[in-house]
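> Below are the structure tokens for one structure; questions will follow.
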Amino acid sequence: MSTAFPDWTGDTAPLREAQLRLAHQVILRDQFPKRLRTVAGFDVGFEDDGRTTRAAVVLLDADTLDVLETRLARLPTRMPYLPGLLSFRELPAMLDALAHLHGTPDLAFIDGHGIAHPRRLGIAAHFGIVTGLPSIGVGKKLLIGESRTPLHQTRGAFTPLRDGREQIGWLLRSKPGCLPLVVSPGHKVAMASVPELVMRFTTTYRLPEPTRLADRLASDSAGEDH
DNA sequence: GCGACAG
DNA sequence: ATCTTGTCGC
């Protein structure tokens, strides 16, 4: 367990090493129920000027998108935000929120990248390896990679995101007139399955419902309870 | 050495 | 991420 979360000593080397090792365990094949029953959205926010990390998880019925369960978890912030090392800062709180959930999602949508990461272990992939749950990364901004072909303006259009000759994710126009989402496999989800899975849970907003609802809980001050 | 840089 | 007014477009 300590191997998946080295203590923060101020040295980033151990964290980078852990990512390289864990990245080998990522499975890029669909390994979730043919018929999804529930999905969950995760996101993190901060309180007390960043001293407290607040994670939110929302469990939804995969067919109706009805909210089945909601959980909030708070943990002392363990380290600063460092590009490429986000998961070591935010994942602990998310795991705590997951632990308090009564149900277990068939698929998790994580706010952040999956394998669209320098060492192929963004927070969504890290989450999948640690929990064993299928996961997808939904990012609002690019960390690394580039797209060559232009992205159509139509809803649902997508184009490959690549790092050199390797595809690491997709740019997905979840909503017309909006900047595309950066989506990538986390764990137990095939690259080719990502665009459709994200769109399947996207209604009229840029973000898919699972992450949109988790976003609201994690950052909305109206949730300063429980 | 110079930029880029999830949340 | 978080702090925040007015502004643009459907």
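Where a number appears in this text, it was derived from the coordinates with a stated rule and is not lab data. In this text the structure is predicted, and so the values were computed from the model without any measurement. When we count neighbours, we look across all protein chains shown, and the Cβ atoms used for this are built from the backbone with ideal geometry, even at glycine.
> If the viscosity is 1.306 mPa s and the temperature 10 °C, what Stokes-Einstein diffusion coefficient in µm²/s follows for chain A when Rh is the Kirkwood radius over Cα pairs?
The calculation lands on 91 µm²/s.
> Counting Lys and Arg as +1 and Asp and Glu as -1, each charge on the Cβ, what is the dipole of region A:161-212 about the Cα centre in debye, to the nearest 20?
100
> Among A:HIS152, A:LEU95, A:VAL138, pick out the residue whose Cα is farthest towards the positive end of the charge dipole of chain A, where Lys and Arg carry +1 and Asp and Glu carry -1 on C-beta, about the Cα centre.
Positive-end residue among those listed: A:HIS152.
> Moving on. What does the charge count near A:ALA73 come to, summing +1 for each Lys or Arg and -1 for each Asp or Glu among other residues with Cβ under 9 Å from its Cβ? List each step's numbers first, then the result.
Numbers: positive: A:ARG54, A:ARG71, A:ARG74; negative: A:ASP96.
Result for the local shell: +2.
> Here is a follow-up. Name the long-range amide H neighbours of A:GLY156: under 5 Å, sequence gap of 5 or more, or other chain; modelled H, no Pro or chain starts.
A:ARG173, A:SER174, A:LYS175
> Expressed in nm to one decimal, what extension gain is obtained for the pair A:ASP11 and A:ARG78 from 0.36 nm per residue of sequence separation less their Cα-Cα distance? Could the numbers behind the result be given before it?
Values: separation 67, 0.36 × 67 = 24.12 nm, distance 1.34 nm.
This chain segment gains 22.8 nm when fully extended.
> Between A:ILE168 and residues 5 or more places away or on another chain, which pairs have amide H atoms under 5 Å apart, with H built 1.01 Å from N, and which residues are they?
Here the answer is A:LEU161, A:ARG162, A:ASP163, since their amide H atoms fall under 5 Å of that of A:ILE168.
> What nm distance separates the two modelled labels at A:THR3 and A:SER219, each placed 7 Å from Cα along Cα→Cβ?
Distance between label points: 3.6 nm.
> Counting Lys and Arg as +1 and Asp and Glu as -1, what is the net charge of the other residues whose Cβ lies under 13 Å from the Cβ of A:THR202?
After counting each charged neighbour, the total is +4.
> Please give the length that would be gained between A:THR104 and A:THR204 if that part of the chain were fully extended, namely 0.36 nm times their separation in residues minus their C-alpha to C-alpha distance (nm, one decimal).
33.4 nm
> First obtain the Kirkwood hydrodynamic radius of region A:135-215 from its Cα pairs, then insert it into the Stokes-Einstein equation at 4 °C and 1.567 mPa s, and state the resulting D in µm² per second as a whole number. Don't skip to the answer; put the middle values down first.
Values: Rh = 12.6 Å.
Rounded to a whole number, D works out at 103 µm²/s.
> Determine the calculated [θ] at 222 nm for chain A from helices alone, applying -39500 (n - 2.57) to every DSSP H run no shorter than 4 residues and normalising by the residue count; nearest 500 deg cm²/dmol.
When only DSSP H runs of four or more count, the value is -7000 deg cm²/dmol.
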